[in-house]
Every structure is written in C-alpha cells, then in structure tokens.
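Computed from the coordinates by the stated procedures, all read-outs in this text should not be read as laboratory data. The shown structure was predicted, so the numbers you read here are calculated from the model rather than taken from an experiment. Cβ sites come from the backbone with ideal geometry, for glycine too, and all protein chains shown count toward neighbours.
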Amino acid sequence: MSDIIRYTTVTPDLESVAADLEKTTTWFANWLNTLKTDAIDIVIRLVLAVIIWFVGKRLLKFLLKVMDKSLTRMGTEITVIKFLKYLGNAAGYVVLVLMTAGMAFGRDAFNVASLMTLISSAGIALGLALQGTLSNFAGGVLILFLKPFRVGDYIVEDNHKNEGTVRSIGLVYTELTTIDNKIIVIPNGTLSNSSLTNVTAQGKRRLDLTVGISYSADIKKAKQIMLDILNAQEETMKDEEITAYVSELADSSVVLGCRAWVPTDRYWPVKWRVTEEIKLAFDEAGVEIPFNQLDVHLKEN
C-alpha cells in the first residue's frame, strides 16, 4: 500500500501583516518624534542653565561690589565688611547652583527639598562637632555688630584680667597688644560672655590722686599746693571741675584727694608727672608725708 503524501498550502493573511507593519511604523515614528522633542528640550534647558550661571555670577559680583561701597561709605569696620561679603557670596552661590541645577535637570529630576534636607542635616552634624568654635564665631559677630570696643581701644577683660590695646578683631579671636609689646589672643566667646572695661572709649578721663599727710601738717596749705599743680598742667581741662578734698582720716595720716579731667591719651603721663610734682612740692613746703616705721624702746633692768 503506497503512502499518500498530502501537501497543504498556507495562504498568508495579507491584511494582518499590513496592520502589524503599520503599527510598527507608527510606533517608530512616535518614538523618533519623542526623542527629537526630548533632545530639543534638553538642549534648551542646558543653554538656559549656562545663561543663568554666567548672568547670575555677574549679577552677584555687582551686588557684592555695591554692598562693599555702601558699607564703606557708612564707616563700617573692614572686618564686618569682609564677613558680610563672604556670607553674601556663599549664600549667592548656593542659590545660583540650585537655580542652575533646577533648570538643567528639571524640578522632577532635581529634588530641591531633599537637597536642602541633606544640607541641613550636614549643618547640624558640623555644628555639634564645632560647638566651641561656633560659639566664638557667634561672639565675633556680636562684637563686630554691637561694637563694645574697636581696633585701637585699650580694654581690660575683667574675668582673667587680660588687658591691652586691641590689635585686631577676627571672627573667632581678638588680639591685644600689651604695654610691654606682648600679644594676647582671647576667644570672642569669652569677650562676648563676660564683662570688660573699655578704658579709652571716651575722649576724656578723670584723674584721681590720693596722698596721705601727717595730722600735724597744714591741710589747707597742702590742698592749695595740689590745686596749683593741677591748674599748672597744660593737659588738664580748665572748663571741667578741678578740686582737692579730704578723703579720709586714717589711723596714721590724713588722706587728701584731688581730681581733674584730662584727655584720655594723656592720662598716664599727666598722672605720673603730677604725682612726682606733689611729692617735691610737699617736701619743699614742709608738708610731711608719713610712712610706716617701727620705734624700738629698750628698757634697762
């Protein structure tokens, strides 16, 4: 028995093939259009981001220059100007970077809120690590803005008795020059949280001297000598009160005092000179200045 081989001819569905081809062509065309649109959008964003960056840098530089000139005309100290310029420059660049990145990547791809949260967390961690330094920094800002003293003033830090002429006021430390030309560096946190005396803040200063004379001396004569010496000084302010008085009746002396006003920068030379002249004038006039002495009496048996 012979095998019968049958051949079946499959006729393709031309309409189905045409539909699939049309769908594929349409999808590809849409993809090309989307790609073209995205590419154009990306190019436009990048161009705008570059423009924002360069224009923003120039604008920030211009604003900082205007701020510098305005603060200089107002007589603001150079340290304050430098600090404000640094702060403004840093804040300006942060804003500029955020604006540029937002334009380049889009708000959806570039989450500003998340970035600000990250920056805040990093700032808190850094603040805890640098707590002491930040305290000094805050003290420096307070000193620069409130101005309890300026460069060139002579100050006395009351807690530790550090004193000297202010050489420089930094954001973290203040430097003093002592009268024997030493440099004292004091943290600004210490100066802002403790009391201090600004000796040279005022243009004039009162000179106070006290001298003890013996009970047998002529009080009126001694007082007149002190007044004559004070009035004879060129530096004493004649429109201010110049007086001599009895300050105290001590155990072994009558303590006389005298007062006069002098320019602050001439205080010490006048005080030293007047003290010497009073001693010489008392000696010449026979006014005794008592001093501690020991009398020994021997008794014979």
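Debye calculation, C-alpha points only, no solvent: report log10 I(q)/I(0) for the stretch 155-301 at q = 0.11, 0.15 Å⁻¹, in the same order as the q values. Each listed q corresponds, in turn, to -0.62, -0.87.
Between the amide H of Asn162 and those of Glu157, distances stay under 5 Å, these residues lying 5 or more places away or on another chain, with hydrogens modeled in the peptide plane. For the pair Leu48 and Arg150 in one chain, pulling the backbone fully straight at 0.36 nm per residue adds 32.0 nm over the alpha carbon distance. Label-to-label distance for Val55 and Val94 is 2.4 nm, based on points extended 7 Å past Cα in the beta-carbon direction.
For the stretch 251-265, putting each phi into the Karplus relation 6.51 cos²θ - 1.76 cosθ + 1.60 with θ = phi - 60° gives couplings of 5, 10, 7, 9, 8, 9, x, 9, 9, 7, 9, 9, x, 4, 6 Hz, in residue order, rounded to whole numbers and with x for Gly and Pro.
Report the Cα centroid-to-centroid distance between the stretch 223-242 and the stretch 251-301 in angstrom, as an integer. One Cα centre to the other: 17 Å. Computed from backbone phi, the HN-Hα couplings of the stretch 87-97 come to 5, x, 5, 5, 5, x, 5, 4, 5, 5, 5 Hz, rounded to whole numbers (Karplus: 6.51 cos²θ - 1.76 cosθ + 1.60, θ = phi - 60°; Gly and Pro given as x). Amide hydrogen proximity for Ser168: with H placed 1.01 Å from N in the peptide plane, the residues at 5 or more positions away or on another chain lying under 5 Å are Glu175. Here each label is just a point 7 Å from Cα along the line to Cβ, and for Thr210 and Lys65 those points are 6.3 nm apart.
The stretch between Ser194 and Leu280 holds 26.7 nm of extra length on full extension. This uses 0.36 nm per residue minus the Cα-Cα distance.
Can you give the FRET efficiency to the nearest 0.05 for His160 and Glu300, using r as the Cβ-Cβ distance and R₀ = 45 Å? Don't skip to the end; give the middle numbers.
Working: r = 58 Å, r/R0 = 1.28.
According to the calculation, E is roughly 0.20.
Across the stretch 235-250, computed HN-Hα scalar couplings (Karplus, 6.51 cos²θ - 1.76 cosθ + 1.60, θ = phi - 60°) run 7, 5, 7, 6, 7, 9, 5, 10, 9, 10, 7, 8, 8, 6, 9, 7 Hz from first to last residue, x flagging Gly and Pro.
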